[in-house]
Amino acid sequence: MNSLYARHAYLPQGWSENVRLHWNAHGDLSGIELHAQVRPGEPQENFVLPGMSNLHSHAFQRAMAGMTESAGESKDSFWTWRDLMYRYALHITPEQIQAIAAQLYVECLRHGYTAVCEFHYLHRAGDGAWYVNPAEMAQRIIAAAAQSGIGMTMLPVLYSYADFGGQALRHDQRRFASDVQEIMKLVQALESARNAQVEIGVAPHSLRAASIEQIRALHAALPVGRPIHIHIAEQQKEVEACLAATGKRPVELLLESGLVDSRWCLVHATHLHPSEVQGLAVSGAVAGICSTTEGNLGDGFFDLPDYIAAGGRFGIGSDSHVSHSPIEELRWLEYGQRLRLQGRNIASTSGQRQVGDFLWQSALQGGAQASGRKIGQLASGCRADLLVLDENHPNLDGVASRDLLNTWIFAGNDNLVRDVYVGGQRVVQDGRHIHQAQIQAAYGHCMRTLRAL
Ligand code: NGQ
Ligand code: ZN
């Protein structure tokens, strides 16, 4: 099968009727046929849209979702959550990371993510030694993506310090320990994995964990055009520590390096001065907003209206995977702004007043840019990553295409994704992943071990 007839297809210019999508043997869209006549006996889908890119993921954290929601003796915070996360991180084996990632990616696909950017720093074994194959853990995650069919941008993470000023790593950060040379060796070891479904980039963890000098060296060593992601300004404490150590705010410091351009994704970027909002928008980088995780960790709210007004680009990520639905991610993004500003319909412009359309289209573009892959739109040359919605759901019965995205995002919690194609291969049919049973069984086995922690 290398074509699909859609009564309504979400093209870069918006909804179009009676469209036949064609793709080639490599899984790239090869033709968008408008005003197409349906052929006798040809299956007709109703609503077809491009799949979403999940631009920020720590796959192993899927295994701890729901396990950190009990109040401790001391005031709970991002930092006490991080201590718990480190405990989990120390126990995950290569077999377990593959089982957890495969399960996560099946869930992501079932909800409409067709690509993921993996912010990967579990490099070493639990005792802190490198595996015989230093790329073991990264290759396990890439294998999990292949098992599920999801598109993958693998970002090996540079993690040298525990805090600003080059502070030594904590003992419980020993699995992350890496320097520029080791990360570039990883990138080179992964080069052979690159194909139409897999891209390799890099990520300095944060300005706490990597110095500007290291980031400059990493940037210089990385092949041209590859994506570069970084956690930044997620917590006030990080902003204060950066000011104390450098006299500058994190985003200010990074932008001053002159390195940031459209290859970059600044993840969270929660606490910004107005000048940083402008600077980030002008840089052409993508802001990676992870609203469900930022809500779960109590980070704060991104300054979305000012950033949109400055022409900033953004995408979404499920990060710690307390949710794996792009719909919930986008709904939380908009609701967070409404609560913060005590207003309505924030994520919109004079050119796009439909909040659902503005959110979906912006996240498609920002997510595609951050992935470094040709995805995120129904256009020739892009991957045939398609979502077919369930036209029999009551919410979609008789709905006009102009109201489809608002209905999908803001009218209930049912998963309306029926079929999912990645690179032209159908990997989800009638809501079920083609390998769901065996991937779920392997995950269940792994969780029986981890839940005993
Ligand atoms: C992480 N996650 O690397 O998983 C981070 C927490 C840190 C989020 N920031 C650890 N959500 O930033 O040091
Ligand atoms: Zn993260």
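The values are calculated or read from the model by the stated rules, or taken from the named source; none is laboratory data. This structure is a prediction, so every number in the text was calculated from the model and none was measured. Here Cβ is always computed from backbone atoms with ideal geometry, including for glycine, and neighbour counts include all displayed protein chains. We work out accessible area using only protein heavy atoms, side chains counted, and drop any ligands, DNA or RNA first. Shrake-Rupley method; radii C 1.70, N 1.55, O 1.52, S 1.80 Å.
Here are the numbers for this structure:
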read-out	value
Condition met for residue 69 (within 16 Å of ligand 1 (Cβ to nearest atom) and farther than 28 Å from residue 146 by Cβ)	yes
Qualifying positions in region 242-265 - within 16 Å of ligand 1 (Cβ to nearest atom) and surrounded by fewer than 17 Cβ atoms within 10 Å (Cβ to Cβ)	245
Qualifying positions in region 27-66 - outside any loop (DSSP other than H, G, I, E, B), within 16 Å of ligand 1 (Cβ to nearest atom) and among the hydrophobic types (A, V, I, L, M, F, W, C)	55, 59, 60, 63, 64
Cβ-Cβ under 8 Å pairs, at least 6 apart or on other chains, region 211-240 side farther than 20 Å from residue 319 by Cα, far side more than 15 Å from ligand 1 (Cβ to nearest atom) and open to solvent by 50 Å² or more (accessible area, probe 1.4 Å)	214/179
Test: residue in region 48-55 that is of a type in the set (S, T, N, Q), open to solvent by less than 20 Å² (accessible area, probe 1.4 Å) and modelled with pLDDT of 95 or more	yes
Number of the condition not met by residue 183 [criteria: (1) within 28 Å of residue 328 (Cβ to Cβ); (2) open to solvent by less than 10 Å² (accessible area, probe 1.4 Å); (3) part of a helix (DSSP H, G or I)]	(1)
Within region 93-128, considering residues that are touching a residue at least 60 places away in the same chain (Cβ under 8 Å) and assigned to a loop (DSSP other than H, G, I, E, B), the one farthest from ligand 2 (Cβ to nearest atom)	112
Selection status of residue 65, within 15 Å of ligand 2 (Cβ to nearest atom) and either surrounded by fewer than 20 Cβ atoms within 10 Å (Cβ to Cβ) or aliphatic (A, V, I, L, M) (or both)	yes
Close pairs (7 angstrom Cβ cut-off, 6 or more residues apart or separate chains): on the phi > 0 side of the Ramachandran plot in region 367-390, assigned to a strand (DSSP E or B) and among the hydroxyl-bearing types (Ser, Thr, Tyr) anywhere	372/153; 376/53
Residue 373 vs. criteria within 19 Å of the chain's Cα centre (by Cα), at pLDDT 95 or above, more than 16 Å from ligand 1 (Cβ to nearest atom) and open to solvent by 40 Å² or more (accessible area, probe 1.4 Å)	no
Selection status of residue 286, open to solvent by less than 50 Å² (accessible area, probe 1.4 Å), within 16 Å of ligand 2 (Cβ to nearest atom) and either under 27 Å from residue 216 (Cβ atoms) or at pLDDT 95 or above (or both)	yes
Which listed residue is in contact with a helix residue (DSSP H, G or I) (Cβ under 6 Å, 6 or more places away or on another chain), open to solvent by 20 Å² or more (accessible area, probe 1.4 Å) and closer than 29 Å to residue 436 by Cα, from 139, 147	147
Set 323, 318, 348, 362: member being out of contact with any Lys or Arg (no Cβ under 8 Å at 6 or more places or on another chain) and either closer than 23 Å to residue 276 by Cβ or open to solvent by 10 Å² or more (accessible area, probe 1.4 Å) (or both)	348
Residue among 3, 77, 30, 16 that is modelled with pLDDT of 95 or more, hydroxyl-bearing (Ser, Thr, Tyr) and within 24 Å of residue 430 (Cβ to Cβ)	3
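Residues checked against (1) part of a helix (DSSP H, G or I); (2) within 14 Å of ligand 1 (Cβ to nearest atom):
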| site | (1), (2) |
| --- | --- |
| 240 | yes, no |
| 299 | no, yes |
| 305 | yes, no |
| 315 | no, no |
